[in-house]
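Inspection log for the structure reproduced underneath, given as structure tokens.
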Amino acid sequence: MSQSEQSSSPASQLPAEVQSRLDDGKQRHEAELIEWLKIPSISSDSSRRDDVHQAANWLLEKMNAAGLQTESISTNGFPLLVASTPPVPGAPVALVYGHYDVQPPEPLDLWTSPPFEPVVRDGKVFARGATDDKGQVLTHIHSVCDWLASGQRLPLQIKFLIEGEEEVGSQNLDDWLPELAEKLACDVVVVSDSSQYAPGRPAVTCGLRGIATYELFVDGPSHDLHSGSFGGAVANPAMALCQLLASMKDADGKIAIDGLYDDVAPIPDIERNAWKQLGADDEEFASSVGASELHG
Ligand SMILES: [Zn+2]
């Protein structure tokens, strides 16, 4: 199926029973999301521990009720929820990753409505966690549950791995992954923790930027030097640091660190073509971030 067919009629491949169930279930889906969003599952706030556990239990019950095979794995922190639909011999397995914890809501005075009292404005749900990541997780769960509830067989097996510590570094997930490798074996991982491209235009995010943090020390002279007496003769550490940082990228924005691109896979044509069909507008994008032009 081409991208244009997909975007003009994203639901065209769904069996009619599933589609009608999804359509009929809109209000119920929204009500359930709102119920989940009311639980302040702030993983970084130790006074909210019970709430984070409650958010996990809430989801576990939903998945259980839908007939998924579920498991709550106790960790040193918050539980890892693992669930799956029945295996489909010969078909691929997709693993959906997501999280039920949320960021702290402060500063509270910047909220139009309280963060844990969800409201719908202009057809959008406003609450902490609505788009990171409870809304997306529930979209996947509702889709799968409605598919199963309509009596249809899924064309592939779907597994879920939903954690409660994404906002605090996922240490327990890291520790548990080797043990869960067999249980979570899959052909593709779908990260629910991303967004759709535009209203009515779902998107599969196939790459995310990473981040590296470090502490850097630049040594200079042993004491303060007067610029008039020493400037020019002795290198200024601040300038040395600027030059060091600037040397990490060339004028085109390409990273100039030796070997950095060695393991970076080239972008396949299918991806480039899919991007082209998104109809991205550089000018609109630049103005949306208040920049006069784009770079790179
Ligand atoms: Zn997230």
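The values are calculated or read from the model by the stated rules, or taken from the named source; none is laboratory data. Because the structure is a prediction, the values reported are computed rather than measured. Positions of Cβ are generated from backbone atoms using ideal geometry, with glycine treated the same way; all protein chains shown enter the neighbour counts. All accessible areas refer to the heavy atoms of the entire protein, side chains included, with ligands and DNA or RNA removed. Shrake-Rupley method; radii C 1.70, N 1.55, O 1.52, S 1.80 Å.
Side notes on the structure shown:
- Derived scalar couplings ³J(HN,Hα) [the range 215-230; Karplus, 6.51 cos²θ - 1.76 cosθ + 1.60; whole Hz; x for Gly, Pro]: 10, 10, 10, 10, 8, x, x, 6, 8, 4, 10, 6, 5, x, 8, 10
- When DSSP beta bridges are restricted to pairs lying wholly in the range 3-191, around 50% turn out antiparallel.
- Mean accessible surface per residue for the chain, computed with a 1.4 Å probe while every protein chain stays in place, in Å²: 66 Å²
- Alpha-carbon centroid distance for the pair the range 68-147 / the range 233-296, whole angstrom: 32 Å
- Area accessible to solvent at I270, 1.4 Å probe radius, in Å²: 130 Å²
- For the chain, the membrane-span-like helix rule (DSSP H, alpha carbon extent of at least 27 Å along the helix axis, mean Kyte-Doolittle at least 0.5) picks out no helix; this says nothing about an actual membrane.
- Just the protein heavy atoms count here, and of the accessible area of the range 227-288 at 1.4 Å, carbon and sulfur take up 57 percent.
- Efficiency of FRET between L244 and F285 - r from beta-carbon atoms, R0 30 angstrom, step 0.05: 0.50
- Between H29, H140, H226, the Gaussian network model of the chain with springs among Cα atoms under 10 angstrom shows the greatest mean-square fluctuation at H226.
- Cleavage-rule hits, chymotrypsin sites (Phe, Trp or Tyr not before Pro), the range 201-268, DSSP coil, Cβ neighbours within 10 Å at most 15: Y214, F217, Y261
- Each residue of the range 263-268 is assigned a 3J(HN,Hα), and the resulting list reads 9, 8, 6, x, 6, x Hz, derived from the Karplus form 6.51 cos²θ - 1.76 cosθ + 1.60 (θ = phi - 60°), x at Gly and Pro.
- Distance in nm between pseudo-label sites at K276 and D23 (7 Å out along the Cβ direction from Cα): 3.5 nm
- Relative contact order, whole percent, for the chain stands at 19, derived from Cα pairs under 8 Å and 6 or more residues apart.
- In Hz, Karplus ³J(HN,Hα) per residue of the range 189-200 (6.51, -1.76, 1.60; θ = phi - 60°; x = Gly, Pro): 10, 10, 8, 6, 7, 9, 10, 7, 5, 7, x, x
- Taking each of K134/K254; K134/K159; K124/K183; K38/K183; K134/K183 in turn, the alpha-carbon distance tops 25 angstrom for K134/K254; K124/K183; K38/K183.
- Among the GluC sites (Glu not before Pro) in the range 192-296, those located in a DSSP loop and surrounded by at most 14 other Cβ atoms within 10 Å of their own Cβ are E215, E293.
- If you run the Gaussian network model on the chain, springs between alpha carbon atoms under 10 Å, then out of K62, K254, K26 the most flexible one is K254.
- Ordered from largest to smallest accessible area (heavy atoms of protein chains, 1.4 Å probe), the residues R209, R128, R28 come out as R209, R28, R128.
- Most mobile listed residue (A256, A130, A83) in the chain, GNM with C-alpha springs under 10 Å: A256
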